[in-house]
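Colleague: Here it is: the structure, laid out below.
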Amino acid sequence: MYLYHYFDKRTGPFKSLTMLPDDQAIEVLEKVKAERPDSFCAQRNETYITKRKNCEALLRREFTAKGGIVEISSPYYLVVEHSPWLYTWYEQPDMLKIPVEEFDVRTLSFTYGDSMPTFAVKDGREYRQQVYTYDEILNVIHKYGLPQDWNNDGSHGPERYIEVHVWSDKIIKKYL
């Protein structure tokens with residue numbers, strides 16, 4: 001299994017608004033809107049940062065309750081396997097492809113789909129409201145497949161990829 005991280009070539013990999021204080025994060029978001037208006041990220045408003053931080057707190061709480069290891073307060077985001085749709089988010093897209101074996105899987109949590117809609121959408125699907133460990137997500141993938149294979153265009157719901165939350169910067173530092 002490979003984990004992918006998408007980013008704009010001008011910015012570089014593993015930049016995170018939620019790792020910044022709120023005022024700095026808002027400044028960065030406004031700069032993205034001004035300089036990269038055609039990017040997906042430029043469509044976000046200031047409430048995104050608060051919503052994302054609240055989601056991260058939920059992810060952290062649920063993951064640690066399952067025995068996950070959290071070494072940093074805000075995770076780095078990747079996805080399981082290639083997502084053609086995520087590649088289109090950036091004006092000058094680039095990506096990293098990292099074998100899952102490089103990571104201590106005890107520092108990886110997963111949501112079947114982006115974590116924000118995973119906790120916001122209430123449609124009864126069993127993978128809603130769920131944070132998974134590595135072993136658990138393998139079972140979910142076996143049952144449902146990869147969302148990008150059956151829902152890349154989003155016509156069947158908000159799940160278009162499996163989001164990975166990396167709660168350690170040990171491996172990430174190699175790619176900065």
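Every number in this text was worked out from the coordinates using simple rules, so none of it is lab data. The structure displayed is predicted, hence computed values, not measured ones. Note that we place each Cβ from the backbone using ideal geometry, even for glycine, and neighbour counts take in every protein chain shown.
Colleague: Got a sec? Which residues in the stretch 73-88 would a label at residue 149 touch, if it sits 7 Å along Cα→Cβ and we count backbone N under 17 Å?
Modeller: The answer is 79-85, whose backbone nitrogens lie closer than 17 Å to the label point.
Colleague: Set the Förster distance to 35 Å, then compute FRET efficiency between residue 30 and residue 136 from the Cβ-Cβ distance, nearest 0.05.
Modeller: Given R0 = 35 Å and the Cβ-Cβ separation, E is 0.40.
Colleague: If the only charges are +1 at each Lys and Arg Cβ and -1 at each Asp and Glu Cβ, what is the size of the charge dipole of the chain around the Cα centre, to the nearest 20 debye?
Modeller: That gives a dipole near 200 debye.
Colleague: Further, regarding this structure: Shape call for the chain from the C-alpha gyration tensor, a ≥ b ≥ c root eigenvalues: rounded (a/c under 1.5), prolate (a/b greater than b/c) or oblate?
Modeller: It is rounded, given that a/c, with a ≥ b ≥ c, falls under 1.5.
Colleague: To continue, here is another question. Label-point separation (nm) for residue 73 and residue 176, each offset 7 Å from Cα along Cα-to-Cβ?
Modeller: Here the answer is 1.6 nm between the modelled labels.
Colleague: Out of 90, 129, 2, whose Cα points farthest toward the positive end of the dipole of the chain (charges: +1 Lys, Arg; -1 Asp, Glu; placed on Cβ)?
Modeller: 129
Colleague: Given the -39500 (n - 2.57) contribution per DSSP H run of 4+ residues, what per-residue ellipticity at 222 nm results for the chain, rounded to the nearest 500 deg cm²/dmol?
Modeller: For the chain, the value works out to -9500 deg cm²/dmol.
Colleague: For a quick check of your reading of the filter: which GluC sites (Glu not before Pro) in the stretch 112-172 sit in a DSSP loop and have no more than 15 other Cβ atoms within 10 Å?
Modeller: Those satisfying the criteria are 126.
Colleague: For residue 66, project a label point 7 Å along Cα to C-beta. Then give me every residue of the stretch 148-175 with its amide nitrogen under 16 Å of that point.
Modeller: 162-168
Colleague: Arrange the peptides 78-84, 64-70 so that the one whose residues have, on average, the most other Cβ atoms within 10 Å appears first.
Modeller: Put in order of decreasing packing, that is 78-84, 64-70.
Colleague: Taking 0.36 nm per intervening residue step and subtracting the Cα-Cα distance, what contour gain separates residue 87 from residue 125 on full extension?
Modeller: Full extension of this stretch gives 11.0 nm more.
Colleague: Excluding same-chain residues fewer than 8 positions from residue 31, which lysines have a Cα within less than 21 Å of its Cα?
Modeller: 9, 15, 51, 53
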